[in-house]
Amino acid sequence: MIQKMAGHINNPLRKRNVIIPRYIAYGIILVIILGMSAHLIVFGTDWKRMSSINEVFETLFSFFPNLKFIPEIAGPLFETTLMAFWGTLLAVILSIPISYLAATTTTPSMLITFPLGRAFIVLSRSTHEIIFALIFVVALGLGPLPGILALACRSVGFMSKTTAEAIEACNQGAIEAIKSTGARKLVQFFFAVVPQVFPIFLGNAIFQFDINIRRAAILGMVGAGGIGLHFSEQMKAYNYDNAGACVFAVVILVILGEVISNRIRTKLIAG
Amino acid sequence: MVLLKISNLKKSFQGNEIALRDVSLTIENQEVIALLGLSGSGKSTLLRCINRLTEPDSGSIKLENLEITNLNKRELRKVRAKMGMIFQEFNLVNRLTVLENVLSGTLGVTSLWRAVTRAFPPNDIFRALELCERVGISSQVEKRADQLSGGQRQRVGIARALMQNPTLLLVDEPTSSLDPKIGREVMTLMCEVARERDIPLLFSVHDISLAKDFSQRIIGLKEGEKIFDKKTSSLDDKSLEQIYKIESGNSLLTSESVN
Amino acid sequence: MTNAINTNYQSFKFNQRIRRIIKFGIILGLITFGYWTIIFLDIPIKRMLDMFGPLATMLAERVFPPDLENASSWKVFISVIETVEMSILGAFYGTLITIPLAWCAAWNITPSREILYPLSRSIIVLCRSLPTLMLGLLLVSLFVFGPFAGILALAIGTIGFAGKLMAEQCEAIDMGPVDAISATGASPLKIFIYAVLPQVKSEWTGIIIYNWDARLRGSTILGFVGAGGIGLHLRHQISILEYHATLGIICIIVILVLFSETLSHFCRKWAR
């Protein structure tokens, strides 16, 4: 019996059965990657118009931020932050009813309202904010308001999804206890569910605000407000040092936002 | 006056588990009644059917001559407000303070606006504070519910149920999550307040000694059927064996169940 | 009424009052801030509200229905292929660079705490702070118009996104096997391969799939600045005011992303 087992383990044929398919899979993946690289990089790229190494470095250095340009873009930078703030706030407000609908434990009708809530979430998370911005710019014209609406539409999905998950993870017993006092469903929700869900909700809101700063920075490139417009204008005019200043400013802003939001969120979890 | 009359209550869950087979009982005056039985005998189901947290399949439940089983949502809520329920796992809202948890007993009659803004009328706040004193948690009133010990949490649960000025107390295995000594303190408190307010208290339990020591009447359930309904003093060994006998013929009496 | 009740009541009322004042203050502050923002950003509320009316007619006439004929044309299909390939290549090459970078950026197992750790951490932070679209435009002007720049942009995005997650996974491992292997005198690379990699492998697979999903979203838009993919068609149709065709392209993009999301969801489940 033991000899049979030992023979089974050391059987070279058995080893091959396990390893060969794995190597074949790796091989296939490698071939696919090489094929795609050939398609896009070797043949799909216009190598004749590609900058030479010298040109690349020259252009790279020309991007060095022209710090004198920063005061001019201080306004747009602030505008970017404002857009992120209001976009997140709007998303936060809208996510409350949507998460109520999209949570299996609170949705009034599993057949109608639940799929509706989920559909909102999926659409919001699948559509890039630029697309929303384009839609709103076409509808409302240029300016930061389309940007705010675009950010709101994009963030609603994440906020609603995470809040719905938090609602579903709630302590059902507490909800039942409130129910047994004769309270109606909405009262149960506000008294038993909301206090449990609120800290997660707030943490996620701050997280989204941080991400939205990044998103807001590019919305200007389609005319929806913020520093993006200035960036693309400077690029078009070949003022690469000014464009570099825009990028530099955005990077600083984003890093700052991340540091601050992380601090606040750790404080939230602790307290 | 007949306070609670249950007739021919039936309930089965999916998978053909019959939880309650034709259970009937009547409660007429203030007394402490123990629902005794093994796990799965239908004790919790019976309690939860009374305030329709679980919907019975058929049968009638009358609270003060009002038929409960066919009430619509609104009327049901009004009736629920008259029945206070105390839970095995306490079921407090952990992030709220003790006082807010006690005040939540009034949510059956509070308007939505009041509930959202937590703007409770001063009378209710005073009543809640008095109840906190009565159950012995005055010093913890400002603390968050999850900072309390098990026994303290159950006291909050009792205060919350009393906040409703109930005509009936439904108690689901109140001591199963507590140490035996604390459990007895809590049981004593519950029986005292029930007596003070002249309201019946119906509690489910699987520990015989608790049933014998605290109740005036015992209702024994076995596999969804009521097989005993008499004064506690008349609970003899034969009836006990009936309640605790399992199908294979083995009795649990000889093991740890009688302590 | 006893003394205890009275004190409790006063204290409760006091706390409630403070909470109310704070909530009221926040709401008032937000409203004022909002009003100020509208003025500062020069948002023409009235004009925009007026636009909402004719918006419905405009949508019905000039946007709906989507031009599905154009959307299902051959050139759009080619660009969809290009978009997907770009996202895969960007994610792939990015992951190749990210793996050693994540190793260096994990405090507990980095081969050099003085140099490689801060360096790799900074690189990851920098890559995460550059918005993909800006990066795309930069790379197009640095190199050449086309998917080459897009792949680079996505690779850099991968470093920022997956790098952070992977490094965090490394920092959460059980150090037992690491200590055991290093006690044999193995080089840092061997320690990584034999003690760290087996532990993080499954989580990392999930992160790689998740990252690809995120890159795909970016790749659908990179074409807008000329870095390859279907975004180019989007920009083209908008610039010639062909809103029906624009909606068609948007539909294609949304379907593509929905598809990738379902795919990545199932792959992540299967990888567990």
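The values are calculated or read from the model by the stated rules, or taken from the named source; none is laboratory data. Note that the coordinates shown come from a computational prediction; the quantities given were computed from them, not determined experimentally. Don't worry about glycine lacking a Cβ; one is built from the backbone with ideal geometry, like all the others, and counts go over all protein chains shown.
Being over 30 Å from B:Arg48 (Cβ atoms), more than 8 Å from every other protein chain (Cβ to nearest Cβ) and surrounded by fewer than 20 Cβ atoms within 10 Å (Cβ to Cβ) is a condition met by at least one residue of region A:153-175. When B:Arg195 is tested against the conditions (1) in contact (Cβ under 8 Å) with a residue 40 or more places away in the chain; (2) crowded, with 19+ Cβ neighbours inside 10 Å, the lone failure is (2). Filtering region C:141-158 to residues that are touching a residue at least 40 places away in the same chain (Cβ under 8 Å) and either in contact with a Leu (Cβ under 6 Å, 6 or more places away or on another chain) or not in a loop (DSSP other than H, G, I, E, B) (or both) leaves C:Pro147, C:Phe148, C:Ala149, C:Gly150, C:Ile151, C:Leu152, C:Ala153, C:Leu154, C:Ala155, C:Ile156, C:Gly157, C:Thr158. Take the conditions of a type outside the set (A, V, I, L, M), under 17 Å from B:Leu4 (Cβ atoms) and within 17 Å of the chain's Cα centre (by Cα) and apply them to B:Gln164. Does it pass? Yes, satisfied. Determine whether B:Ser111 is more than 24 Å from B:Gln154 (Cα to Cα), modelled with pLDDT of 90 or more and either over 17 Å from the mean Cα position of the chain (by Cα) or of a type outside the set (A, V, I, L, M, F, W, C) (or both). Against the criterion (more than 24 Å from B:Gln154 (Cα to Cα), modelled with pLDDT of 90 or more and either over 17 Å from the mean Cα position of the chain (by Cα) or of a type outside the set (A, V, I, L, M, F, W, C) (or both)), B:Ser111 does not qualify. Filtered by the rule that a residue be at the interface with chain C (Cβ under 7 Å from one of its Cβ atoms), surrounded by 11 or more Cβ atoms within 10 Å (Cβ to Cβ) and either small (Gly, Ala, Ser) or not in a loop (DSSP other than H, G, I, E, B) (or both), region A:38-50 gives A:His39, A:Leu40, A:Ile41, A:Gly44.
In region A:51-143, counting only helices (runs of 4 or more DSSP H) that sit wholly within it, the ones holding 2 or more residues that are at the interface with another protein chain (Cβ under 10 Å from one of its Cβ atoms) and at pLDDT below 90 span A:53-62, A:129-140.
Condition check: among the hydrophobic types (A, V, I, L, M, F, W, C) and within 27 Å of the chain's Cα centre (by Cα). Does C:Leu119 satisfy that? Answer is yes for this residue.
Comparison of B:Lys78, B:Lys73 shows that the only residue that is at pLDDT 90 or above and either within 22 Å of B:Gln216 (Cβ to Cβ) or out of contact with any strand residue (DSSP E or B) (no Cβ under 7 Å at 6 or more places or on another chain) (or both) is B:Lys78.
Per this entry, C:Ile109 is counted among residues that are surrounded by 18 or more Cβ atoms within 10 Å (Cβ to Cβ) and either in contact (Cβ under 8 Å) with a residue 24 or more places away in the chain or of a type in the set (Ser, Thr, Tyr) (or both). Considering (1) closer than 21 Å to A:Ile252 by Cα; (2) buried (at least 16 other Cβ atoms within 10 Å of the Cβ), the lone condition that A:Lys68 does not fulfil carries the number (2).
Restricted to region B:119-141, and to residues that are assigned to a loop (DSSP other than H, G, I, E, B) and within 14 Å of chain A (Cβ to nearest Cβ), which residue is nearest to the chain's Cα centre (by Cα)?
Taking region B:119-141 first, the residues assigned to a loop (DSSP other than H, G, I, E, B) are B:119-121, B:136-137, B:141.
If we keep only those that are within 14 Å of chain A (Cβ to nearest Cβ) as well, we get B:119-120.
Details: B:Ala119: 28, B:Phe120: 26 Å.
Per the criteria, the residue is B:Phe120.
Residue count for region C:90-106 under the criterion of being among the aliphatic types (A, V, I, L, M) and over 18 Å from A:Ile33 (Cβ atoms): the result is 4.
Only one of these is small (Gly, Ala, Ser) and outside any helix (DSSP H, G or I): A:Ala164, A:Ala224, A:Ala177, A:Ala192. Name it.
A:Ala224
For A:Leu256, the criteria (1) more than 30 Å from B:Ala159 (Cβ to Cβ); (2) touching a residue at least 12 places away in the same chain (Cβ under 8 Å) hold in every case but one, which is (2).
Which of the numbered conditions does A:Arg214 fail, given that it passes all the others? Conditions: (1) farther than 30 Å from B:Phe90 by Cβ; (2) more than 10 Å from every other protein chain (Cβ to nearest Cβ). Only one criterion in (1) farther than 30 Å from B:Phe90 by Cβ; (2) more than 10 Å from every other protein chain (Cβ to nearest Cβ) is unmet by A:Arg214, namely (2). Scanning region C:15-55 for residues that are hydrophobic (A, V, I, L, M, F, W, C) and within 20 Å of B:Ala119 (Cα to Cα) yields a total of 7.
Quick test for you: out of A:Ile148, A:Ile178, A:Ile206, pick the one residue that is more than 21 Å from B:Gln164 (Cβ to Cβ), touching a Phe, Trp or Tyr at 6+ places or on another chain (Cβ under 7 Å) and either away from chain B (no Cβ under 14 Å) or buried (at least 24 other Cβ atoms within 10 Å of the Cβ) (or both).
A:Ile148
Every residue, every condition in (1) buried (at least 21 other Cβ atoms within 10 Å of the Cβ); (2) within 12 Å of chain A (Cβ to nearest Cβ); (3) in contact (Cβ under 8 Å) with a residue 60 or more places away in the chain, yes or no:
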| position | (1), (2), (3) |
| --- | --- |
| B:Thr69 | no, no, no |
| B:Met83 | yes, yes, yes |
| B:Gln88 | no, yes, yes |
| B:Leu103 | yes, yes, yes |
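For the condition within 14 Å of another protein chain (Cβ to nearest Cβ), within 16 Å of the chain's Cα centre (by Cα) and not hydrophobic (A, V, I, L, M, F, W, C), what is the one hit in C:Gly136, C:Gly146?
Details: C:Gly146 fails: within 16 Å of the chain's Cα centre (by Cα).
Among C:Gly136, C:Gly146, only C:Gly136 is within 14 Å of another protein chain (Cβ to nearest Cβ), within 16 Å of the chain's Cα centre (by Cα) and not hydrophobic (A, V, I, L, M, F, W, C).
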